[in-house]
Amino acid sequence: MAVDMRMFKKKCKDCGKLISKNAKKCRSCSKKGIKRSLKQRKTISIRTKQAMQRPEVQIKIRKSRGGKSKINYCPDCGKSINYKAKKCRTHAYKGRIYSKEHNEKLRLISLNRFKNPKNHPCYIPGLDRLYPLNFNEKLKRKIRIRDNYTCQICGISQQDFLKLKRGQLTIHHINYDKFNCEKNNLITLCNSCHMKTNFNRDYWYAYFNYKKMNRDDLLCSAGLNAERCLKRTENCNMSRENSSKERRK
């Protein structure tokens, strides 16, 4: 059927497509910027989903994508990603070295974002941020010595942590009460693990209490073994003294 081109004398103002005489814009440009209600949006989304499920439409989409499937997976973590992407966002940016100017820009963006502490995701209203005087360097050193200068979650040592230029290992309050500075309530952690404990507090509280119970059991068993060893040495010494006296006689 021949199309009468006399109808298409005008052009769209935005995209330049041929349109009819009475129209001002093409169909796609005329619908731009229209505010639709929720019902209209739902009906449009349902219709588009139904249209996408048709086999004819799926064949056209595959041809446009070069024969690839809809879903692609990251080779490092196995997350579902876009068909064009090779890796997920976290693994794609891993190991990249940025310039000083770019790092400064990122730092300023983060500072402006969290200028107000209430905007931070870890913010807790009504929490006292001050530490007591008992929580000093002497107490921290004692707890680091008790835990052999290792993080109690990931197991990184102080030497490896210093090589990464991240400072010393931090001290964490198990029950999240900063004024309770007893040795049983304190534990050594690295910075990354310390940040993890700010989320899912009930889980970490139970985890550290379980670990503390096992540590107390180990210390008790070590103490009993030490007492047994002392008794054995005393008995050995007594038997040697008795044998030496008998020989002299």
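The values are calculated or read from the model by the stated rules, or taken from the named source; none is laboratory data. These figures come from a predicted structure and were not determined experimentally. When we count neighbours, we look across all protein chains shown, and the Cβ atoms used for this are built from the backbone with ideal geometry, even at glycine.
Here is a check on your reading of the model: is ILE124 touching a strand residue (DSSP E or B) at 6+ places or on another chain (Cβ under 8 Å) and of a type outside the set (D, E, K, R)?
no
Quick one: count up the residues across the range 96-119 that are touching a helix residue (DSSP H, G or I) at 6+ places or on another chain (Cβ under 9 Å) and closer than 23 Å to PHE199 by Cβ.
Total meeting the criteria: 2.
Restricting attention to the range 24-36, which residues are at pLDDT below 80 and assigned to a loop (DSSP other than H, G, I, E, B)?
Within the range 24-36, LYS24, LYS31, LYS32, GLY33, ILE34, LYS35, ARG36 meet the criteria.
So which residues in the range 106-133 are modelled with pLDDT of 80 or more and farther than 21 Å from ASN175 by Cβ?
Listed by number, the residues that qualify are LEU106, ARG107, LEU108, ILE109, ASN112.
THR170 - would you say it is hydroxyl-bearing (Ser, Thr, Tyr), touching a strand residue (DSSP E or B) at 6+ places or on another chain (Cβ under 6 Å) and within 19 Å of TYR210 (Cβ to Cβ)?
So THR170 does not fit the description; no.
Of all residues in the range 64-75, count the ones that are within 23 Å of the chain's Cα centre (by Cα) and either exposed (fewer than 11 other Cβ atoms within 10 Å of the Cβ) or at pLDDT 85 or above (or both).
Looking only at that region, the number is 2.
Conditions first: (1) of a type in the set (Lys, Arg); (2) surrounded by 12 or more Cβ atoms within 10 Å (Cβ to Cβ); (3) modelled with pLDDT of 85 or more. LYS183 passes all but one, so which condition is the exception?
With (1) of a type in the set (Lys, Arg); (2) surrounded by 12 or more Cβ atoms within 10 Å (Cβ to Cβ); (3) modelled with pLDDT of 85 or more applied to LYS183, the lone miss is (2).
Of all the residues that make up the range 76-103, how many are part of a loop (DSSP other than H, G, I, E, B), surrounded by 11 or more Cβ atoms within 10 Å (Cβ to Cβ) and modelled with pLDDT of 80 or more?
The number of residues fulfilling the criteria is 8.
This table checks each residue for (1) under 23 Å from PRO121 (Cβ atoms); (2) at pLDDT 85 or above; (3) among the acidic types (Asp, Glu).
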site: PHE135; (1), (2), (3): no, yes, no
site: LEU139; (1), (2), (3): no, yes, no
site: ARG215; (1), (2), (3): no, no, no
site: GLU227; (1), (2), (3): no, no, yes
site: MET238; (1), (2), (3): no, no, no
site: GLU241; (1), (2), (3): no, no, yes
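Any chance the range 124-142 includes a residue that's out of contact with any Ser or Thr (no Cβ under 8 Å at 6 or more places or on another chain) and more than 30 Å from ARG215 (Cβ to Cβ)?
yes
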